[in-house]
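Working notes, beginning with the structure itself.
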Amino acid sequence: SQTIHQWPATLVQPVGSPLSLECTVEGTSNPNLYWYRQAAGRGLQLLFYSVGIGQISSEVPQNLSASRPQDRQFILSSKKLLLSDSGFYLCAWSPGRGSLNQPQHFGDGTRLSIL
Amino acid sequence: ILNVEQSPQSLHVQEGDSTNFTCSFPSSNFYALHWYRWETAKSPEALFVMTLNGDEKKKGRISATLNTKEGYSYLYIKGSQPEDSATYLCAFYAGGTSYGKLTFGQGTILTVHP
């Protein structure tokens, strides 16, 4: 069966520090991968999605970047965190091409607090 | 920019009540409508993926309907239980150039009181 791992679960970082959140998927190949953020009092906002290694699409202008160095690994990064980067970050996967009617499957999330 | 609206924002019901809430989405370029349940301290869990106008799906006491021509979906919970307390999210998937991308509504927060 497929599983998705996301870490860390919580993170407290000072303003201006770098960030690296990692997400890995097991039990499937060529998944679509997604990074979402839920800011306080708001819904889920798609930040990045990837349909293959090295292929990243950014949804909103921001202080963050994403990379997909391996098929089942998705990394969310920042060189210098801002206060506005605080929030709850979720990684998700869905089957790749040919399975567009399938749901997305989410990791447990990372609560990021910027001080 | 795709607009997906959910109403109400929050809902309090008593155990045993039946309830429903709404998701509104663009009626053009429709491909699929997803429903997810997000319990506190857990990750969102898929309930339904609906693709056909008039579709009805059921999972236990939860069911959903879809009207793609007018752009709405209803989620129903029959005989609510405290364990149904969660945020219910709908998400719209438009085919074509927005391949693989879901646009989520803000969610309906359901609290079921014993």
query = So which of A:Arg37, A:Arg42 is under 16 Å from A:Phe88 (Cβ atoms) and part of a loop (DSSP other than H, G, I, E, B)?
reply = A:Arg42
message = Let me spell it out: the conditions are (1) in contact with a helix residue (DSSP H, G or I) (Cβ under 8 Å, 6 or more places away or on another chain); (2) more than 25 Å from A:Gln38 (Cα to Cα), and B:Leu52 meets all of them except one. Which number is the exception?
response = (1)
inquiry  = Looking at segment B:96-111, can you tell me whether even one residue there is under 15 Å from the mean Cα position of the chain (by Cα), away from chain A (no Cβ under 14 Å) and either modelled with pLDDT of 95 or more or loosely packed, with under 13 Cβ neighbours inside 10 Å (or both)?
reply    = yes
key: Inter-residue pairs, beta-carbon under 8 Å, first under 19 Å from B:Asp84 (Cα atoms) and in segment B:36-60, second crowded, with 18+ Cβ neighbours inside 10 Å and of a type in the set (Lys, Arg), 6+ apart   = B:Pro44/B:Arg37; B:Glu45/B:Arg37; B:Leu47/B:Arg37
The lone exception for B:Pro8 - which of (1) within 13 Å of another protein chain (Cβ to nearest Cβ); (2) more than 23 Å from A:Arg37 (Cβ to Cβ) it fails = (1)
query = Counting residues that are under 24 Å from A:Tyr49 (Cα atoms), which strands (runs of 3 or more DSSP E) fully inside segment B:4-114 reach at least 1?
reply = B:5-7, B:19-24, B:30-38, B:45-50, B:86-94, B:102-104
query = Within segment B:16-23, can one find any residue that is surrounded by 15 or more Cβ atoms within 10 Å (Cβ to Cβ), modelled with pLDDT under 95 and more than 10 Å from the chain's Cα centre (by Cα)?
reply = no
remark   = Conditions (1) more than 10 Å from chain B (Cβ to nearest Cβ); (2) modelled with pLDDT of 95 or more -> A:Ala39 fails only (2)
inquiry  = Any residue that is of a type in the set (Gly, Ala, Ser), closer than 28 Å to A:Ile4 by Cβ and within 11 Å of another protein chain (Cβ to nearest Cβ) - is there at least one of those in segment B:45-66?
reply    = yes
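The values are calculated or read from the model by the stated rules, or taken from the named source; none is laboratory data. Computed from a predicted structure; not experimentally measured. Cβ: placed from backbone, ideal geometry, glycine included. Neighbour counts: every protein chain shown.
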